[in-house]
1. Could you tell me which of Thr258, Val127, Val240 has its Cα farthest along the dipole of the chain towards the positive end, charges placed at Cβ (Lys, Arg +1; Asp, Glu -1), taken about the Cα centre?
2. Can you give the convex hull volume per residue for the Cα atoms of the chain, as a whole number of Å³?
3. Using the Karplus curve 6.51 cos²θ - 1.76 cosθ + 1.60 with θ = phi - 60°, work out ³J(HN,Hα) for each residue of segment 312-319 in order, rounded to whole Hz, and write x for Gly and Pro.
4. What are the residues whose amide H is under 5 Å from the amide H of Leu248, where those residues sit 5 or more places off or on another chain and H is modelled from the backbone?
5. Relative contact order for segment 207-347 using alpha-carbon pairs under 8 Å, separation at least 6, rounded to a whole percent?
6. If you wrap segment 106-192's Cα atoms in a convex hull and average its projection over all directions, what's the area in nm²?
7. In percent, what relative contact order does segment 96-168 have, based on Cα pairs under 8 Å that are 6 or more apart in sequence?
8. Stretched out fully, how many nm does the piece from Ser59 to Leu241 gain, at 0.36 nm a residue minus the Cα gap?
Amino acid sequence: MSVTIKDVAKKAGVAPSTVSRVISDSPRISEKTKRKVRKVMDELGYHLNYNGRVLVSQSTQTIGIVTKVSSDHFFENPFFSELLRGISDACHEQDYSMYLTTGNTEEAIFQEVVKMVQGKRVDGVLVLYSREDDQVVPFLRESSFPFVVLGKPVDRPGETMYVDNDNVQASKEMTRYLIGLGHERIGYVGGNSQFEVARDRLEGYRAAMKDQGLPIDEKWLKNDPSDKQDPDQIVEQLLVLEKIPTALIFTDEYNALTVMRSLSRRGVSIPEQVSIAAFNNTVVSRLADPPLTTVDTQAIQLGHESASSLIDLLKRPDMVKKSMIIPTRIVERESSCRLERNTQKKA
């Protein structure tokens, strides 16, 4: 026979209504009582009947996770694995589950979100990107459905809860770091400019170069709108230039690694001939050869805080909309070094 709320209440010496409030984490119940009741629940092996809870409370205790369109890139990139780890940790702490979109096209993902919302499969949605011409965020707004965005929203940021890094400032700092090592010809390998994060990081790079009075050759800039860059093509285009960049900044360490390998195959020494720096600081950066200098965007914390913000919103629908900026830091490794003046010449 399964253990009931009445069984828990009897052993804990409280009313069944108190046990129900403990389960819903009501602020009306003291932490001391919550600990006592939860201990009894563990001892008796009580498990909440989620199906019944959904019927009674109209809550699924589940949040929807909306990914980028490129699902292959999403699952291959360690940054997103760390992001999901942070989200999972926050959900576990608050007794929530996750419902992850799996579509391979923008339309497929949008239709999944529509099903999430209209089918009441989730209580709220966490959107893991901020992009121009997106269907998801406008739909959630029109549906008055709770959501949080990972990344600064493209429009109406003051009305939207979001968690992000200061990507403009972080990119400025990385560019200044390389300038401080003596580099003046600094290239930039970005991503899909539809995404706010790609635009912000490019803006920070341009601003830092301008502040130092350094020219930017537009041929040093490689931005692929498809988000699927060909590393060999990037390297070939850079190596035929009259003035080859002595340093490259990548908005994604995953793409940095593929270009580093392509450079090495062509006999270009890293960092002696070309210094490399990127963003995110996951295991890719630590295991790269040479280890990669990166901006640590604290992916786990980004995920944790975004999920926690959404759950807070679900518990307190009338709360003031807030945004959160997660600090970044530069992690210096062997992929970047001080420029020797003889490397200013074309290789």
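1. Val127
2. Roughly 158 Å³ of hull volume per residue.
3. In residue order, the calculated couplings are 4, 5, 5, 7, 10, x, 8, 5 Hz.
4. Those qualifying (amide H under 5 Å, at least 5 residues apart or on another chain) are Gly187, Ser275, Ile276, Ala277.
5. 24 percent
6. Numbers: hull surface 28.5 nm².
Averaging across all directions leaves 7.1 nm² for the Cα convex hull.
7. Working: 68 pairs, mean separation 16.8, N = 73.
Dividing the mean separation by the residue count of segment 96-168 yields 23 percent.
8. Numbers: separation 182, 0.36 × 182 = 65.52 nm, distance 5.92 nm.
Net length gain for the segment: 59.6 nm.
The values are calculated or read from the model by the stated rules, or taken from the named source; none is laboratory data. Computed from a predicted model, the values in this text were never measured in an experiment. As a convention, Cβ positions derive from the backbone with ideal geometry for all residues, glycine included, and neighbour counts pool all protein chains shown. Accessible surface areas use protein heavy atoms only, side chains included; no ligands, DNA or RNA. Shrake-Rupley method; radii C 1.70, N 1.55, O 1.52, S 1.80 Å.
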